[in-house]
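What follows is a set of notes on a single structure, which appears directly below.
The values are calculated or read from the model by the stated rules, or taken from the named source; none is laboratory data. Quick caveat: nothing in here was measured; it's all calculated off a predicted structure. Cβ atoms come from the backbone with ideal geometry, glycine included; neighbour counts cover every protein chain shown.
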Amino acid sequence: MLLLFGAGSVAAQVTLTEGTNFSVHAARDGRLVIDLLGGLWILPATGGTAEPIPTTRLPAHRPRWSPASDALVYQARGENHDQLWFYDFAGGIAHNLSSGEFLDQHPNWHPDGERVVFSSDRRNTGFDLWELDLETRLSWRITNGEGDETEPAWSADGRDLVYIEHAQDQWSLMLRRHGQPDRAVTSSSTRLSSPEWRPDGSLITFLRHTDDGLSIDMAILSDPPLVRPLVGGEDLFIAPVTWLDRERLLYTANGVIRQRHFNSWSSTTLPFRVTVTQSDSRQSVRAVQRTLPQIDAPSGQLVIRVARLFDGIGGGYQDGLDIVIDGARIAAVEARRDRPGAIVVDMGDLTALPGFIDSYAVLPPAADEALGPLLLSFGVTSIVANHDRVDTLNETWSGKAVPGPRVLAAAAIGGSRDDAAAPWLVTISGDLAAGAALRSSVTEWLMAGVPVLAENWQVGLGSGASLLLGTESLPASPRGQRYGDIQLSSSPGSVTIVSGIADSQTPGINALLNSRQATLLGPHPAARRRFESRPVLGTGAGVILGSEPNGLPPGIAQHAELRALKAAGLTNEQVLRAAGVNAASALGLGLQVGRIAPGAAADIVLVDGDPLLDIDAAMKVVGVVRNGRFFSAIGLLERAQSIGIVE
């Protein structure tokens, strides 16, 4: 629920009484901590008004009190991976416990208060369990299974460890008794998660995921163990329960904190109130369309003849068409006919698609003109990137001699460029407070037609940014519900999500990394694991393709995102629109790119296959039209090699 008060033209104070996918944990002294809005908040034992904890990294998730109730550990989402953080109440300072770009998750305390147990992919063999000594910062691995070992929890006496194992499509609740080998308490073909000990060690609660929803089950540690349901029929959030004592427990569901006696058949609500400042800047911003400059446009007319065409706008293909190009723009899309004297490029049975747009990409710092033909061979015709030589590259790659994608400048909100040209995208990072401090600047950029991309939805909420980075920006509960916090972040104006979801789990990633274009790029980092499980999207609406977070080289990164979006649940047409017309609209380019239609820029990808049936066909590029000129993919690769991109 949202309670709005003191609303103004720019900002309003908003009180939240519910949240989405948050967790709760109880300290021994009774205080509660929740991770609402990606920040950490302290509640009295009886609920009520929540007070924020300052942290140095957001979004923060799964906070856990220390045994002495004087510190917290939690996981926080960095740019490309999760890290472990430690907050000391005495000093009021947050410390990063992680080192390197590993995916560290699920921190929990050992009862001695001197060690933290967690899961990590540090050895690139899946998730293992690790422990870290807080004083020395030394860490050591404590499991080495074939699959993933995650979500560890020590018993109250520190002798027994429980965790979740996922191997060969089987989920198991694993128990390590002191001095005994690990054994499965229960196993399932569907996901198990979020284990927690009852204080007396008599049973373990955990979440069971099924097609019908989630339930809290309990494994009674008898001989043999007995598994029984405890809580069901609610929109349970994926987080462990927290025990106040051996008879009372708390959990999060239905947007609120629920409290329950162990022997009761029902639960009650423990109320809370969180007050935040919301920006209204998107509400008054009118859409401003900017015009792409024409650089080195060719003269004359060119006709591209294809068997089928996906124009990027409507559903399905159009068959047997000619794409008539005049200079750098599409003049007509019409039925085939004889065209005496015209240059006609007949592409036979190929499929024409709008050129791919990467709305937020990375160009290597050392990138020079020689990279252009290779990137164009991926079908990428427009890239938005923060690079020192963006204008030089854009001008060179718009020509015939060394073609490449159109390059549009991105810039951090506090940065500046050497010239007076406004960037095409501005980025903002930080937390709610940082967003609120920059709210006026964000509004000015939006009014000028420059989209603002927030690195997380907390800073986006404070600033009123129009774009949010990553699929976690607007999460939904396991039942698909969005409660007060998410409703707040997605209003009063529309918000677009920039994808950034590809990682080592993306289907077909290895084949992509071994493609000819990828090998021509030379040595490059392997795909990293960035998520515990594959991201899932409910709809393609409001999602555009941006590859910067996945850490792969440009071109490869774009096609990895295409595959990841498909794996996340989008239809093939939604995927292509995310890399086309949707991206163009979000960048203020409207009718100019992302479509094959009269008046649009002549940016076209010609592929061998049916990408509306098989998204991998988008990688089978045979030819590209960029700035009104046709280039064969083979010719682009040969050109890249001849001018020194590869040896």
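Going residue by residue through segment 267-282, is there one that turns out to be exposed (fewer than 14 other Cβ atoms within 10 Å of the Cβ), at pLDDT 95 or above, assigned to a strand (DSSP E or B) and of a type in the set (Ser, Thr, Tyr)? Yes: one or more hits.
The residue pairs whose first member lies in segment 346-363 and is in contact (Cβ under 8 Å) with a residue 40 or more places away in the chain and closer than 8 Å to VAL306 by Cβ, whose second member is of a type in the set (A, V, I, L, M, F, W, C) and not in a strand (DSSP E or B), and whose beta carbons are closer than 8 Å, counting only pairs six or more residues apart or on different chains, are THR351/PHE310; THR351/ALA617; ALA352/PHE310; ALA352/ILE596.
The listed residues are ARG208, ARG183, ARG123, ARG137, and the only one of them that is surrounded by fewer than 18 Cβ atoms within 10 Å (Cβ to Cβ) and within 26 Å of the chain's Cα centre (by Cα) turns out to be ARG123.
The rows are residues; the columns are (1) at pLDDT 95 or above; (2) surrounded by fewer than 21 Cβ atoms within 10 Å (Cβ to Cβ); (3) within 18 Å of ASN108 (Cα to Cα); (4) aliphatic (A, V, I, L, M).
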residue	(1), (2), (3), (4)
THR49	yes, yes, no, no
ALA60	no, no, yes, yes
SER69	yes, yes, yes, no
LEU72	yes, no, yes, yes
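ILE216 passes every criterion in (1) assigned to a strand (DSSP E or B); (2) over 18 Å from PHE262 (Cβ atoms) apart from (2).
Working only within segment 364-395, note down all residues that are surrounded by 24 or more Cβ atoms within 10 Å (Cβ to Cβ), touching a Pro at 6+ places or on another chain (Cβ under 9 Å) and in a loop (DSSP other than H, G, I, E, B). Within segment 364-395, just PHE378 meets the criteria.
Can you tell me which residue in segment 400-421 is nearest to the chain's Cα centre (by Cα), limited to those that are modelled with pLDDT of 95 or more, closer than 16 Å to LEU292 by Cβ and part of a loop (DSSP other than H, G, I, E, B)? The selected residue is PRO405. Going through segment 153-197 one residue at a time, which ones are farther than 23 Å from ALA68 by Cα and of a type in the set (A, V, I, L, M, F, W, C)? Of everything in segment 153-197, those that are farther than 23 Å from ALA68 by Cα and of a type in the set (A, V, I, L, M, F, W, C) turn out to be ILE164, ALA167, TRP171, LEU173, MET174, LEU175, ALA184, VAL185, LEU192.
Has segment 529-548 got any residue that is small (Gly, Ala, Ser), over 29 Å from PRO451 (Cα atoms) and either at pLDDT below 90 or not in a loop (DSSP other than H, G, I, E, B) (or both)? Yes, segment 529-548 contains at least one residue that is small (Gly, Ala, Ser), over 29 Å from PRO451 (Cα atoms) and either at pLDDT below 90 or not in a loop (DSSP other than H, G, I, E, B) (or both). Of the numbered criteria (1) modelled with pLDDT under 95; (2) surrounded by 22 or more Cβ atoms within 10 Å (Cβ to Cβ); (3) closer than 20 Å to VAL162 by Cα, the one PRO224 fails is (2).
When ARG305, ARG290 are checked against the criterion of being part of a strand (DSSP E or B) and among the basic types (Lys, Arg), a single residue qualifies: ARG305.
The set of residues in segment 561-599 being among the small types (Gly, Ala, Ser), in a helix (DSSP H, G or I) and buried (at least 24 other Cβ atoms within 10 Å of the Cβ) consists of ALA564, ALA578, ALA583, ALA584, ALA586.
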